């Protein structure tokens, strides 16, 4: 989108409770921008640590934490990343479940923004974690374009700024926020090797049509049975 965001309008933050997404939320609220903290679960038991982070931000920024949403994306994750897992691994020679999980998160975040008239979505992706497929620059560009196709602006405010984990920690410390990462441990985290940019983009492009079908389904539009493949 070419126009600048309304400085008084609430923005969405893809929020895990980790350091990076916390810094994104705090950076927006320091500018007086209210935020919706959008957290997802994939069906496994959650953690009380996330709520501690929310309470911490509310204590620091008050009503600028406009809403906290926690959505179960396990069904979308299954359709996108698990239903054809064996074929995906044979095709791409990598386990890309967490990349599929990120795409499922965006599907539900787009739906949430549509329902709440939010036009700006912020991601805590950071360059220092580019060994992870979902944190790679090629993934950042794809997700920003995916968001833009629904009339929204996608930002990754700390992608270049957060050059190291230590810098993120110092910024949180300067705000009086804990430097601990208060997020769920990913079930499949640290369990596979890093893919190339070409593999990341090929996987996302392959899954994109299904992701868009799920967006339309969540919006209440009728879909043919074929769109529910894997559900």
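General observations
For (1) crowded, with 22+ Cβ neighbours inside 10 Å; (2) closer than 24 Å to residue 176 by Cα, each residue gets a yes or a no:
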{"residue": "9", "(1), (2)": "no, no"}
{"residue": "15", "(1), (2)": "yes, yes"}
{"residue": "25", "(1), (2)": "yes, yes"}
{"residue": "51", "(1), (2)": "no, yes"}
{"residue": "66", "(1), (2)": "no, yes"}
{"residue": "83", "(1), (2)": "no, no"}
{"residue": "94", "(1), (2)": "no, no"}
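- Single residue of the range 106-137 satisfying the filter (in a helix (DSSP H, G or I) and over 22 Å from residue 69 (Cα atoms)) that is farthest from the chain's Cα centre (by Cα): 128
- Count - residues of the range 168-205 that are under 19 Å from residue 17 (Cβ atoms) and either modelled with pLDDT under 90 or touching a helix residue (DSSP H, G or I) at 6+ places or on another chain (Cβ under 9 Å) (or both): 20
- Selection from the range 139-160 of residues that are surrounded by fewer than 16 Cβ atoms within 10 Å (Cβ to Cβ) and touching a residue at least 24 places away in the same chain (Cβ under 8 Å): 148, 151, 160
- Residue match in the range 50-67 (condition: farther than 24 Å from residue 206 by Cα, in a strand (DSSP E or B) and touching a helix residue (DSSP H, G or I) at 6+ places or on another chain (Cβ under 8 Å)): yes
- Filter pass, residue 171 being surrounded by fewer than 18 Cβ atoms within 10 Å (Cβ to Cβ) and more than 17 Å from the chain's Cα centre (by Cα): no
- For the range 102-117, the set of residues classified as free of Cβ contacts under 8 Å to residues at least 60 places away in the same chain and touching a helix residue (DSSP H, G or I) at 6+ places or on another chain (Cβ under 8 Å) consists of 102 only.
- Per-region count, the range 68-78, residues assigned to a helix (DSSP H, G or I), in contact (Cβ under 8 Å) with a residue 40 or more places away in the chain and surrounded by fewer than 23 Cβ atoms within 10 Å (Cβ to Cβ): 2
The values are calculated or read from the model by the stated rules, or taken from the named source; none is laboratory data. Note that the structure is predicted; figures quoted are calculated from it, not measured. Note that we place each Cβ from the backbone using ideal geometry, even for glycine, and neighbour counts take in every protein chain shown.
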